[in-house]
Amino acid sequence: MQDRDLNEYSPSRSLSSKHLSCSHQLCDKGSNCKSSQQQCPYMVSYLSENTSSSGLLVEDILHLQSGGSLSNSSVQAPVVLGCGMKQSGGYLDGVAPDGLLGLGPGESSVPSFLAKSGLIHDSFSLCFNEDDSGRIFFGDQGPTIQQSTSFLPLDGLYSTYIIGVESCCVGNSCLKMTSFKVQVDSGTSFTFLPGHVYGAIAEEFDQQVNGSRSSFEGSPWEYCYVPSSQELPKVPSLTLTFQQNNSFVVYDPVFVFYGNEGVIGFCLAIQPTEGDMGTIGQNFMTGYRLVFDRGNKKLAWSRSNCQDLSLGKRMPLSPNETSSNPLPTDEQQRTNGHAVAPAVAGRAPHKPSAAPSRMISSCRVHWHCYLFLLLLLVSALY
């Protein structure tokens, strides 16, 4: 990120910023305030060790482009953001230098604000391209033809994006006893699967792949290979199947190491995790338009080059419209935050001497309850 021109967001330099007081319905830390008019503090601890963010909650305006890439109209969208004042752990190592965008079901995430303001359908899509670029389209419900599967509740609440995988196939070989639940998390670079599922997939992949087992310094992955030439061999596809025989094909489940002359190795970019819940990360999402249809509680997907998002179903927006109801009411459901995981910054490096890592993951789309932004690129949208 050293080559990026990042502009730090400062409420004092924004004419539209408003500090949230401790009496505000979105102030979870209000009980710690000395007076109801004090500025509302926030503090979040992440699953990553010793990583946290704390500061003050602020309301401000995002200026978003309306109606697709060819439109010149804009929409003023009120959001609540966490203006970080004290960070620890991964943040001090440069993770998420331009901030975290909260996309979860919580009432003060960006999609929640936009939907409750009547600006969009309660849905959004993400697309990660193979060149490491990506797009987000608020209100997108996807193309007419797409596959989908239902979101599942966690402890009775739809507090994050969880789906149920019925079975897994490697190439043409479908594996037994590989059903599990998985969180779909755009904030995690790579994918983590329950131990028994990981073991079955890795062993079958090892039998089908064309390459000699090897290891690479700093690699967190167990199943790594050296190709017979300096080109990547054909890699077995990985297919996740869901109810009603809907399937999600991961066309390239490997991470490739490059040298001066070309490919020097590759690894199956999956790691085991404890428990029965897995995490689908960005590497599995690449090449897809993923629609998080929160209103209908389902995840939908279709193949995409990330340039065709304007073809989806969406609600027309009025240019320069400011909502008369920017904040949720007291009666709307609150999502009390527990320990969550923060956003992953980018992908692992292509050089084998540098250690790829899970980095830190939310936006681990655990997609927080709040829009916690350390350095918000609001200024770039004005």
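Nothing in this text is a laboratory measurement; each read-out follows from the coordinates by a stated rule. Model, not experiment: these values are computed from the prediction. Neighbour counts are summed over all protein chains in view; Cβ atoms, including those assigned to glycine, are modelled from backbone coordinates with ideal geometry.
Where does the charge balance sit around Tyr158 when Lys and Arg score +1, Asp and Glu -1, over other residues with C-beta under 13 Å from its C-beta?
Numbers: positive: Arg294, Lys297, Lys298; negative: Glu107, Asp122, Asp155, Asp293.
With Lys, Arg at +1 and Asp, Glu at -1, the neighbours total -1.
Partner aspartates and glutamates whose Cα lies under 20 Å from the Cα of Lys297, excluding those fewer than 8 positions away in the same chain, are identified as Glu107, Asp122, Asp140, Asp155, Glu166, Asp185. Plainly put, the stretch 123-314 has a radius of gyration that is 0.97 times its Kirkwood radius, both from alpha-carbon atoms, as the Rg/Rh ratio.
Here's the picture: a label point sits 7 Å out from the Cα of Gln230 along the beta-carbon direction, and within the stretch 260-276 the residues with their amide nitrogen under 13 Å of it are 260-265.
The alpha-carbon atoms of the stretch 231-313 define a convex hull whose volume equals 146 cubic angstrom per residue.
Counting alpha carbon pairs within less than 8 Å and at least 6 residues apart, what relative contact order, in whole percent, applies to the stretch 81-155? Present the calculation step by step, with values, prior to reporting the outcome.
On the way: 55 pairs, mean separation 11.9, N = 75.
Once divided by the residue count of the stretch 81-155, the mean separation gives 16 percent.
Take every pair of alpha-carbon atoms less than 8 Å apart whose residues are at least six positions apart; their mean separation over the length of the stretch 191-243 yields a relative contact order of 30 percent.
Report ³J(HN,Hα) in whole Hz for each residue of the stretch 14-20, in order, from the Karplus equation J = 6.51 cos²θ - 1.76 cosθ + 1.60 where θ = phi - 60°; Gly and Pro get x. Running phi through 6.51 cos²θ - 1.76 cosθ + 1.60 with θ = phi - 60° gives 9, 6, 9, 7, 9, 6, 7 Hz. With neighbour counts taken as other beta-carbon atoms within 10 Å, the residues Ile61, Ile201 rank, fewest first, as Ile61, Ile201. Among rounded, prolate and oblate, which fits the stretch 107-174 when a ≥ b ≥ c are the square roots of the eigenvalues of its C-alpha gyration tensor, a/c under 1.5 means rounded, and a/b larger than b/c means prolate? It comes out oblate by the Cα gyration axes. Among the chymotrypsin sites (Phe, Trp or Tyr not before Pro) in the stretch 198-288, those placed in a DSSP loop whose Cβ has at most 14 other Cβ atoms within 10 Å are Tyr251. Karplus-derived 3J(HN,Hα) values for the stretch 156-170, using 6.51 cos²θ - 1.76 cosθ + 1.60 with θ = phi - 60°, are x, 10, 8, 9, 7, 9, 10, 10, x, 8, 7, 7, 10, 10, 10 Hz; glycine and proline are entered as x. Residues whose amide H comes within less than 5 Å of that of Gly99, counting only those at least five positions distant or on another chain, are Leu374, Leu375 (H built at 1.01 Å from N in the peptide plane).
Considering only Cα-Cα distances, which of the following residue pairs are longer than 29 Å: Lys86/Lys298; Lys34/Lys86; Lys18/Lys116; Lys18/Lys86; Lys86/Lys116? In this structure, Lys86/Lys298; Lys86/Lys116 exceed 29 Å between Cα atoms.
By count of other Cβ within 10 Å, fewest leading, how are His24, His121 ordered?
His24, His121
Taking GluC sites (Glu not before Pro) across the stretch 157-260, the ones in a DSSP loop with at most 16 further Cβ atoms lying within 10 angstrom of their Cβ are Glu166, Glu217, Glu222, Glu231. Each Lys and Arg adds +1 at its Cβ and each Asp and Glu adds -1 at its Cβ; summed about the Cα centre, the stretch 123-314 shows a dipole of about 800 debye.
As a length-normalised measure over Cα pairs under 8 Å and 6 or more apart, the relative contact order of the stretch 123-314 settles at 33 percent.
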